[in-house]
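Everything below concerns the one structure shown next.
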Amino acid sequence: MAADAGVAALPARLSALHLLERSLVPNPLADGSRDPIYPSSVMSVVVGFLKDPAGTKPATKVLLALCLVQCKRNVAVEAGAVAEVVETVAELEGSAADQALAALELLCTILEGATELRAHAFAVPMLLEMVTKMAGRGKEHGISVMVVIFGGGGSARGG
């Protein structure tokens with residue numbers, strides 16, 4: 001019976017994700033001063049939707065919008081965003097892939113995010129695949145993330 005409750009909650013969580021997308025994406029939070037507090041459980045749901053085909057697109061938008069505020073990056077890293085992006089971005093296309101790589105680039109501006117990326121076994125192969133198949137900003141984000149792995153970037157570069 002508990003499994004049924006989890007399945008029934010999925011549409012509600014997807015609706016909540018879409019609501020976050022509609023509220024955050026048109027009005028990204030440029031600084032933390034007027035930023036509402038999002039509990040880590042909200043970030044965990046957003047990160048969890050990265051691997052759900054029904055929620056991938058809005059999840060990448062919301063993750064990127066939240067990561068624009070530096071204090072949210074730690075919450076995203078703690079929620080497993082680095083590993084989820086690395087493990088799912090190769091399956092994404094278009095703007096969702098661009099946004100996922102942009103969020104990953106922002107996550108690598110903090111030491112914990114850069115460390116987690118370097119430790120992930122699939123990070124380099126995924127980035128090579130993405131950089132070769134993407135163009136424009138997505139390729140730029142992928143190259144920037146590779147610099148973090150090979151160049152020792154991350155919080156050391158002042159991000």
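Summing charges over neighbours of Glu112, with a neighbour being any other residue whose Cβ is under 9 Å away from its Cβ, gives -1 when K and R count +1 and D and E count -1. Potential lengthening of the chain between Lys51 and Leu128 amounts to 25.7 nm, from the contour at 0.36 nm per residue minus the alpha-carbon distance.
Each other residue within a Cβ distance under 9 Å of Lys51 adds +1 if Lys or Arg and -1 if Asp or Glu, for a net charge of -4. Summing Lys and Arg as +1 and Asp and Glu as -1 over all other residues whose Cβ lies under 11 Å from the Cβ of Leu20 gives a net charge of +2.
Only the coordinates and a few stated rules stand behind these numbers; no lab work does. What you see is a predicted model; the values in this text were computed from it and never measured. Every residue, glycine among them, receives a Cβ derived from its backbone with ideal geometry; neighbour counts consider all protein chains shown.
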